[in-house]
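Let me begin by presenting the structure, written as structure tokens, before commenting on it.
Taken together, the values in this text are just the output of simple stated rules run on the coordinates, not laboratory data. Source: prediction; values computed, not measured. Please note: Cβ atoms are built from the backbone with ideal geometry, for glycine as well, and neighbour counts cover all protein chains shown.
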Amino acid sequence: MTQAQLNGFFRPDYVGAERVMMRIGEPVADAMPWGAAPLTEIADARPLQAQAASVAAFFAEHGFALLGHPSAVTDWTTDPAGADTTSQAHRLYLPEVEALIRERLLPGQALQTWQRAGLVRRGPGAANGYAPAVHQDFGLSADDYAHNVVAFASEEAAARWRERYDRDDVEGFMVIDFWRPIGMGEPLRHMPLAVCDPASVDPADVVESGLLDFAPTGRPTRQVSLRYNPTQRWFYYPGMTVDEVLAFKIFHCQKAGARPSLRTCFHSAFADPTTPADAEPRKSCEHRAGVFLLRG
């Protein structure tokens, strides 16, 4: 267990009915000022997961799980749009992720994956920063997801996704983020990733939000943000290696049931105060895989 400051929360007393639209880098009136959140206990998830009957059982209960996974990929360079079918990320990693989903995370579940090879790389030499703020990348409903497909891709891509989702054989859809260190010579100590167990989040603390001037199309996006509550349970996996990958849900909706509910993991990079000053800077990548959950 470590204690660290997680930024990007909304104030505990925040009350609002409208979606809060934000721009990255600009202050949000209803959010906690950066650096104002109390220290948060971030527990080591390794011993907790070791008690589970299986990786699949742990993933089903908590929405995240660590997988031992030496990848055959040696070159993680890829077109962010996922259009390069010759890259190792396309030829090697997509089949590896498919196997992880079918054999270890959702064994026995009838499913169809919806993948492209684009990777988000972070760290030295990458275009993306470490994202040190509590966030969630999608909303709660199928409409929210389709809205973001339009924002990040096109109306046509959203229509293709919606046509598949609306078929009678589909009972739900999730997006799993596969997050891992790459190209590092030592276990990860610098800017690890913290994930929040969705079962510990009071639905009243979920704030509908969105980003302006962020998506490549220029359209606003839909996300959810989190109001600070000390009862939220945060976890990380200290000392992750390049042969490990953290899988966590960043979107999940089911057709059956009432109002959409949180089934996914808020997450944030964080500065661990126990990190030595000479720790190797984090280099990481993440791949997001969509999964249509089919009726058995």
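List every residue whose amide H lies under 5 Å from the amide H of Met191, counting only residues 5 or more places away in sequence or on a different chain, with H placed 1.01 Å from N in the peptide plane.
Residues meeting the criterion, in which the H sits 1.01 Å from N, are Asp272.
Set the Förster distance to 30 Å, then compute FRET efficiency between Asn128 and Ala36 from the Cβ-Cβ distance, nearest 0.05.
0.75
Which FRET efficiency value, to the nearest 0.05, is calculated for Ala277 and Thr241 with the Förster distance at 22 angstrom and r the Cβ-Cβ distance?
With a Förster radius of 22 Å, E is 0.55.
Using helices alone, I'd like the mean residue ellipticity at 222 nm for the chain: each DSSP H run of four-plus residues gives -39500 (n - 2.57), total over residue count, nearest 500.
Per the formula, -4000 deg cm²/dmol.
Sketch the reach of a paramagnetic label on Ala110 as a point 7 Å from Cα along Cα-to-Cβ, and name the residues of segment 157-174 whose backbone nitrogen lies under 16 Å away.
Answer for segment 157-174: 165-173.
For a quick check: with amide H placed at 1.01 Å from N, whose amide H comes under 5 Å from Leu6's, ignoring anything fewer than 5 positions away on the same chain?
Under 5 Å from the amide H of Leu6 lie the amide H atoms of Thr40, each far enough along the sequence or on another chain.
What distance in nm separates the two pseudo spin-label positions at Glu26 and Asp44, each 7 Å out from Cα along the beta-carbon direction?
With each label placed 7 Å out from Cα toward Cβ, I get 4.3 nm.
Enumerate the amide H contacts of Ser209 below 5 Å, restricted to partners 5 or more residues apart or on another chain; note that Pro and chain-start residues carry no placed amide H.
Long-range HN contacts for Ser209: Val20, Gln223, Val224, Ser225.
Take the Cα of Glu163, step 7 Å along the line toward its Cβ, and report every residue of segment 97-135 whose backbone nitrogen sits under 20 Å from that point.
Within reach of a label on Glu163, which here means backbone N under 20 Å from a point 7 Å along Cα→Cβ, segment 97-135 contributes 112-116.
Note the full-extension length gain between Glu18 and Phe214 as 0.36 nm times their separation in residues minus their Cα-Cα distance, in nm to one decimal.
Value of the extension gain: 68.6 nm.
In whole angstrom, and with the biggest value first, how far do the Cα coordinates of the chain range along each principal axis?
47, 46, 40
How much length would be gained if the chain were fully extended between Arg263 and Met1, taking 0.36 nm per residue of separation minus their Cα-Cα distance, in nm to one decimal?
Net length gain for the segment: 91.9 nm.
Want the number for Ser154 to Gln51: 0.36 nm per residue separation, take away the alpha-carbon distance, what's left?
Extra length available between Ser154 and Gln51 comes to 32.7 nm.
Residue by residue, what Karplus-based ³J(HN,Hα) values in Hz, rounded to whole numbers, does segment 264-271 have, using 6.51, -1.76 and 1.60 with θ = phi - 60° and x for Gly and Pro?
Values, residue by residue: 10, 9, 4, 8, 6, 6, 8, 8 Hz.
Could you work out the relative contact order of the chain? I mean the mean sequence separation of Cα pairs under 8 Å and 6+ apart, divided by the number of residues, in percent.
Rounded, it is 31 percent for the chain.
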